[in-house]
Amino acid sequence: MTTSTRILTGVGAHIAPGYADAIVVSGGGTQIFVSGTPGLRADGSTPEDFTDEARQCWGNVESALAKAGAKLTDIVYMRQWLPAATMWPPTWR
């Protein structure tokens, strides 16, 4: 039997009430899906610059994974969308 569990860290609630920061799907194995994670702080505010926003986003992903029993090194596939190519270097600092 396949089950799904919503992971709520509180950050997604700033996007929409009830927004799940991650979903854990179990049944013949376990997968964790994280998508649409914002670079918002816990209070819903946005960091002043893009580098800090990218760091905050990854911190939020890390928190969601931790609540699901995983860590960043468990990520198998990742896609990151940036509005401009010039924003690429700051996301890896």
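Can you send over the carbon and sulfur percentage of the accessible area for the chain, probe radius 1.4 Å, protein chains only? Please list the in-between numbers first.
Values: 3580 of 6290 Å².
Looking at the chain in its full context, I get 57 percent from C and S.
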Using only Cα atoms, find the angle between the long axis of helix 50-67 and the longest principal axis of the chain, and express it within 0 to 90 degrees, rounded to the nearest 10. 10 degrees
Which of the GluC sites (Glu not before Pro) found in the chain are loop residues per DSSP with 13 or fewer other Cβ atoms within 10 Å of their Cβ? Glu48
Which loop trypsin sites (Lys or Arg not before Pro) in segment 1-85, with loop taken from DSSP, have no more than 13 other Cβ atoms within 10 angstrom of their Cβ? Lys71, Arg79
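More than 22 angstrom separation, counting every C-alpha pair in the chain; what % is that? Before the final figure, lay out the partial values.
Values: 1303 of 4278 pairs.
Considering the chain, 30 percent of its Cα-Cα pairs are separated by more than 22 Å.
If you count only protein heavy atoms with a 1.4 Å probe, what accessible area per residue comes out for the chain, rounded to a whole Å²?
Details: 6290 Å² over 93 residues.
For the chain, the solvent-accessible area averages 68 Å² per residue.
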Between Trp81 and Tyr19, what length comes free when the chain is fully extended (0.36 nm per residue of separation minus the Cα-Cα distance, one decimal in nm)? 20.3 nm
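The values are calculated or read from the model by the stated rules, or taken from the named source; none is laboratory data. These numbers come from a predicted model, not from an experiment. Every residue, glycine among them, receives a Cβ derived from its backbone with ideal geometry; neighbour counts consider all protein chains shown. What goes into the accessible areas is simple: the full protein's heavy atoms, side chains included, and nothing from ligands, DNA or RNA. Shrake-Rupley method; radii C 1.70, N 1.55, O 1.52, S 1.80 Å.
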